[in-house]
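What follows is one structure encoded as structure tokens, with my remarks underneath.
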Amino acid sequence: MVQWNKLLIVFLVAFAASSVFRLLLTYMNVSHLRRYGHDVPEVFQGEIDEATLARMTAYTADSYRFGALAHFFDDAVTLLVLLSGFLPLLVAIVLSWNLHFILSGLIFFGALALLSGILDIPFSLYSTFVIEKRYGFSTITARLWITDLVKGFLISAVLLEILLGAILALVYYADHTWWLWAWLVFSAFQMLIVWLYPVLIAPLFNKFEPIENEALKEAIIALMAKVGLKTGGVFQIDAGKRSKHTNAYFTGFGKTKRIVLYDTLLKSHASEEILSVLAHEAGHWKKRHIMKQLVFTETVSLVFLYLVYRLIDWSLLYQTFGFAEKLPYVGLLLIAALFGPAAFFLTPIGAMLTRRFEREADDFCYNLVGTTTPMINALKRLAKDNLANLHPHPFYAWFYYSHPPLTERIARLLRMRDSNKP
């Protein structure tokens, strides 16, 4: 049974603070949108009509409100699982089977992952078949949605079991050094997934084909050669069978590095705009942003695993949440839950870092292409095609946004272009 003590009180206060603050941020953002959402920003004057702006505002408000509801539900379920005695009951059932520690831990986490996945299904259905359908984005069929769900579940289960199995084995056998070995395993596993994703995982969901526009393909290859980037190919994927949203990205590394363009992007954007988007992405590679983010992630994970090592034998941790004995795989979950609110409040640190990277990539694009006009046009079209929020609350954007707000970003690109006019 849960013990009411200082640790539980501190956790509940921090958890409630993060949950309430998340709701407050959403309320601020939606209220700000209601107040200013009918005004076309200066940089979009002549580009967006009132009907399109109204759809942008409505889509953003609906998406954010539903997202807030989903987060609130997740928080409620998390508290219920932690405080209701469900976890000790689950552990008791698993222990009654007299299995090896590693297998017991895998079943414990597997059961929780399955529960989480099942509870997420209604929210995914509503988002896909109601909100995304309402605004003309979702094109996915029920059959394909179910197929994706099953594939995603099986892949996640396999990957989760492999990684957790390795970490639990280290916890069981490596004694005082398991946290360091676990960090090395986690880092290697992460790099392996990044390497395999383009050629093994992504093709299970989308069909990858060389882009049909040969002129654009040659222009892309020439652009990448100009900056010394070698890729495993330029591909288009059939994203349109699921959604009308547009995107382009680099993926993989080494021999699996490739450029991927949504077929929806190819249909709606001019070649110059696509090249500018890829020049921006090339900037991330040349400025080593991907590697810097990996270093940041690995540093955080190393610190976290060391803290887990220091706390995993803390008796009070287990007693607080109703456990009579110390079980390391339970400890892993409880410590992750304790650090959840802290991770939420540290979100702005990562957001500020990635926004800086985005500005550096825009600078690189400008220096490579020689003008910001194609990038400006691409961003404006992306905003219209994806019904982006043109009026985010400044504090919300500072807290969450991995990219500078669109109006701010376009204004900066315009200043760069105009400052170099003859």
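The values are calculated or read from the model by the stated rules, or taken from the named source; none is laboratory data. These numbers come from a predicted model, not from an experiment. Virtual Cβ from ideal backbone geometry, glycine too; neighbours counted across all protein chains shown.
The set of residues in segment 401-422 being more than 21 Å from E50 (Cα to Cα), in a helix (DSSP H, G or I) and without any contact (Cβ under 8 Å) to a residue 12 or more places away in the chain consists of R415, D418.
Every residue in segment 99-144 that is among the hydrophobic types (A, V, I, L, M, F, W, C) and outside any helix (DSSP H, G or I), please.
L99, F137, I140
Scanning segment 377-400 for residues that are among the hydrophobic types (A, V, I, L, M, F, W, C) and in contact (Cβ under 8 Å) with a residue 60 or more places away in the chain turns up A378, L382, A383, L387, A388, L390, F395, F399. Given the criteria over 20 Å from D313 (Cα atoms), in a helix (DSSP H, G or I) and either at pLDDT 95 or above or not aromatic (F, W, Y) (or both), does A182 qualify? So A182 does not fit the description; no.
From the list L265, L229, L261, pick out the single residue that is among the aliphatic types (A, V, I, L, M), more than 20 Å from N367 (Cβ to Cβ), touching a residue at least 12 places away in the same chain (Cβ under 8 Å) and outside any helix (DSSP H, G or I).
Working: L265 fails: outside any helix (DSSP H, G or I); L229 fails: more than 20 Å from N367 (Cβ to Cβ).
That would be L261, the only listed residue that is among the aliphatic types (A, V, I, L, M), more than 20 Å from N367 (Cβ to Cβ), touching a residue at least 12 places away in the same chain (Cβ under 8 Å) and outside any helix (DSSP H, G or I).
Going through (1) of a type outside the set (G, A, S); (2) loosely packed, with under 13 Cβ neighbours inside 10 Å; (3) under 23 Å from the mean Cα position of the chain (by Cα) one by one, R34 falls short only on (3). Just one residue in the set Y172, Y135 is over 28 Å from D62 (Cβ atoms), in contact (Cβ under 8 Å) with a residue 60 or more places away in the chain and among the hydroxyl-bearing types (S, T, Y); that residue is Y172. Of all residues in segment 49-63, those that are farther than 14 Å from H391 by Cα have Cβ atoms under 6 Å from Cβ atoms of residues that are surrounded by 15 or more Cβ atoms within 10 Å (Cβ to Cβ) and modelled with pLDDT of 95 or more, 6 or more apart or on another chain, in D62/I131. Considering F153, F86, F108, F101, the condition of being among the hydrophobic types (A, V, I, L, M, F, W, C) and under 25 Å from A202 (Cβ atoms) is satisfied by F153 alone. In segment 340-351 there is at least one residue that is surrounded by fewer than 17 Cβ atoms within 10 Å (Cβ to Cβ), closer than 30 Å to N377 by Cβ and under 22 Å from the mean Cα position of the chain (by Cα). Here L149 does not qualify as assigned to a helix (DSSP H, G or I) and either touching a Ser or Thr at 6+ places or on another chain (Cβ under 6 Å) or under 30 Å from L7 (Cβ atoms) (or both).
The lone criterion from (1) under 26 Å from N377 (Cα atoms); (2) modelled with pLDDT under 90; (3) surrounded by fewer than 22 Cβ atoms within 10 Å (Cβ to Cβ) left unmet by K257 is number (1). How many residues does segment 209-226 hold that are buried (at least 16 other Cβ atoms within 10 Å of the Cβ) and either under 25 Å from the mean Cα position of the chain (by Cα) or assigned to a helix (DSSP H, G or I) (or both)? The number of residues fulfilling the criteria is 7. For segment 319-332, indicate whether the set of residues that are surrounded by fewer than 19 Cβ atoms within 10 Å (Cβ to Cβ), of a type in the set (S, T, Y) and under 24 Å from T299 (Cα atoms) is non-empty. No, the conditions are met nowhere in segment 319-332. I'm trying to understand the selection: among the residues of segment 246-258, which are over 13 Å from A282 (Cα atoms) and either part of a helix (DSSP H, G or I) or among the β-branched types (V, I, T) (or both)? Scanning segment 246-258 gives T246, G254, K255, T256.
Just to check your reading of the model, which residue among T320, T347, T354 is more than 28 Å from A397 (Cα to Cα), polar (S, T, N, Q) and at pLDDT 95 or above? None of the other options fit; the residue is T320. Within segment 85-111, residues that are within 20 Å of V2 (Cα to Cα) have Cβ atoms under 8 Å from residues that are assigned to a helix (DSSP H, G or I) and not hydrophobic (A, V, I, L, M, F, W, C) in these pairs: V94/S104; L95/S104; F108/Y329, counting only partners at least 6 apart in sequence or on another chain. Residues in segment 174-206 that are under 17 Å from I237 (Cα atoms) and among the polar types (S, T, N, Q): N206 alone.
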